[in-house]
Structures are given as structure tokens and as C-alpha cells.
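To keep things clear, I will list the structure first and then write my remarks on it.
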Amino acid sequence: MELATASKNTTTKFYKDAMKGLRSNPKYLNSKYFYDERGDELFQQIMRCDEYYLTNCEMEILKMQSPDIASTIFASEKNFDVVELGAGDCSKSIYLLRQIFRRNKNFTFFPVDISTHVIDLIEEDLPKKVRGLNIHGLNGEYIEMLKQANYISAKRKLVLFMGSNIGNMNHEQSIAFCKEVRTCLQPGDCLLIGFDLKKDPQIILNAYNDKQGVTREFNLNLLRRINTELNADFVIENFKHFPVYNPESGECKSYLVSMCKQKVSIGDTEIIEFDEYETIHTEISVKYSIEQINGIAHLSGFETIEHFYDSKDWFVDVLWQCR
Ligand code: AVI
């Protein structure tokens, strides 16, 4: 597909999704659209914020426990490839990749990411950090690319899905997603998946409302993106970033609240009206109990092998194996 056509299609899909969400009652926007170039940058900054504990917790797990994670996997299977869904910069998975590489030089790492730029960077950078590692980047949607990895290699698979990305799905979506991953795998294949755990609700809320206002900018950037890419005229100052955490459901939801009655035009023809204090739901970040996590494993056809916690018990990487 030519680049211009590809980008036109993306814009069309973005337009359709944005209009569907903004015409709904209550209004919503899909959080996958946070990640344009500026959104990627802001997310990198969020991960460096003191309040955003998730990255440090999971980094600690991977730094300290990768030898254990690798040994646990090698206890049942020695010859497998690794697929990382949403690989990003591999700054956490590199610790595990090194441990796997020490035990078996003959595996292929398939980093999967929706961004071509990210895949290019991994393919350029990672060989310098783990010399001799076979890397085959896959640019596209998670499930499609997992199928692609299976098409390329018939070996056993270890799938990594870290960073609490599963938290950006609601309960039904997360079960449906794990079931879909399961259908792409064989008995004996493994999945290492990162869940953020329930904890002091204030700590969670602060993580989505940092003092520097980076998460606020990240949330508002979605409106900026709609302005630029879909030719809209959102007045950014008229919207307030407002995250709420419900300790009962474990759902942290981020909203943009319209601080006045207003009309926004999108493209040449569409007008969206907002009442004063009307909301746009932009993101869900679910926090789990261990019982809930074990329940998802069971419902989606996996057996829990081991839980790897950080030292504060705030985050867990769970190792599941296909039944
Ligand atoms: C990518 N994802 C797991 C992040 C989260 O914690 O839900 C995205 C994020 N949104 C606001 N801060 C971070």
C-alpha cells in the first residue's frame, strides 16, 4: 500500500472512531489514539514521573527476577521463540532476553508494535545490546502479528505482554483478548503478562494525576490531535483532565470534562455540542487482585505457573502456560 493511501485510511478510521465516540451518550474516545508522535513523547515523560510507579515496579521485577523467570520457563521448554506484544523500547524485556539468550542462543525475538518507527529503532538498537540475537520485527496489530510469527516459525512461543497494557481493556475485553491470544498458541506455550495490582487508592489516583501535569497534557493531547488531523476546533483550555479511581471495581478512568457549554466543529460538516460539565471518557486503567488475575487465566485457557512481584507488591508479572 502506498504511504499516502495508508495514512489516508488511518485518518478515515480515526475520523469514524472519533465521530462515533463523540456522538455517543456519554461521549468517549478510544485511548489507542493517544499515541501520535507527541503522545508517545508524553507517555515517555509519564513513565519518568515520580507518581507513575508502574514502570519502576515492573523494571525492578525484570532486573531482579529475570534469571528466575527464565529458569522457570526453561524447566519445561528449552527451544522457543519470544514474541513481545507492544514491545516499545524493550527497556524491560531486554533483561529477560539476555537471560534466555544465555541459555539458548538459537531463538528469534519477534517484537510487535503498531509503530514502524518503534520497530525500526528496535532492529537498529537491540543487536548492539544483545550481540548475536536474532530479531524479526513485526509492525502491526497484536493478534495479526502473533499469527504472523507462528507462520514464520513453528517453534514453541513465549509471549510477553507487559507494562499493564492489559489494564487499558475493561474486564470483558481483557478476557476476550487473552482467549484470542490462547487460540494462537499451542499447549505448553507461555504468556508473561504484567498486571498493576490494587493498592492504596490515593497512590493509584496520583499516578494518573501527576503534579507536573504531564498526564493532563497527555489526555488533552487527544483533542489537539483531533484538531490537527481531523480539522477540528476544540478549545483546549475549555476542557479539564479529570481521573477518578474506584477502589471497588479497580477501574481508574480518565475523563476530559467540558467546563462550559460549547460547540466544536470537526471537519467541514460536523458540529458536536457539549453541555457544561459534560464528559468525554478517554481511558480505563484497571487494577487487579490476584484472585481476579487467576480467574482470567482460568477463563481463557491458561494455567498459572508463577507470580513475580516487585518488592512493594504493587505490580505482578504472571507466567501462564497454555493448558
Ligand atoms: C499504557 N498504559 C498501560 C498506561 C496506563 O497506565 O494505563 C497509559 C497511561 N495513561 C496515563 N498514564 C499512563
Considering only residues that are within 21 Å of the chain's Cα centre (by Cα) and either at pLDDT below 95 or assigned to a loop (DSSP other than H, G, I, E, B) (or both), which ones fall in region 95-118? 113, 114, 115, 116, 117, 118
Starting from region 200-211, take each residue that is at negative phi and list its partners that are within 14 Å of the ligand (Cβ to nearest atom) and polar (S, T, N, Q), counting only C-beta distances under 7 angstrom and pairs at least six apart or across chains. 208/215; 208/254; 208/285; 209/215
Failed condition for residue 190, given (1) surrounded by fewer than 20 Cβ atoms within 10 Å (Cβ to Cβ); (2) closer than 25 Å to residue 90 by Cβ: (1)
Residues in region 131-151 that are among the small types (Gly, Ala, Ser) and in a helix (DSSP H, G or I) total 1
Which of (1) part of a helix (DSSP H, G or I); (2) free of Cβ contacts under 8 Å to residues at least 12 places away in the same chain; (3) under 25 Å from residue 322 (Cβ atoms) does residue 154 not meet, given it meets every other one? (1)
Among the residues of region 237-265, the number that are in contact with a helix residue (DSSP H, G or I) (Cβ under 7 Å, 6 or more places away or on another chain) and farther than 19 Å from residue 218 by Cβ is 3
Within region 273-323, count every residue that is assigned to a loop (DSSP other than H, G, I, E, B) and either of a type outside the set (Gly, Ala, Ser) or without any contact (Cβ under 8 Å) to a residue 12 or more places away in the chain (or both). 10
If you go through 265, 254, the only one that is more than 15 Å from the ligand (Cβ to nearest atom) and assigned to a strand (DSSP E or B) is 265
Qualifying residues in region 157-178 (those that are within 16 Å of the ligand (Cβ to nearest atom) and assigned to a strand (DSSP E or B)) - the one nearest to the chain's Cα centre (by Cα): 161
In region 58-76, anything surrounded by fewer than 22 Cβ atoms within 10 Å (Cβ to Cβ) and of a type in the set (Asp, Glu) is listed as 60, 68
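The values are calculated or read from the model by the stated rules, or taken from the named source; none is laboratory data. From a predicted model like this one, the values you see are computed outputs, not experimental measurements. Note: ideal-geometry Cβ built from the backbone for every residue, glycine included; neighbour counts use all protein chains shown.
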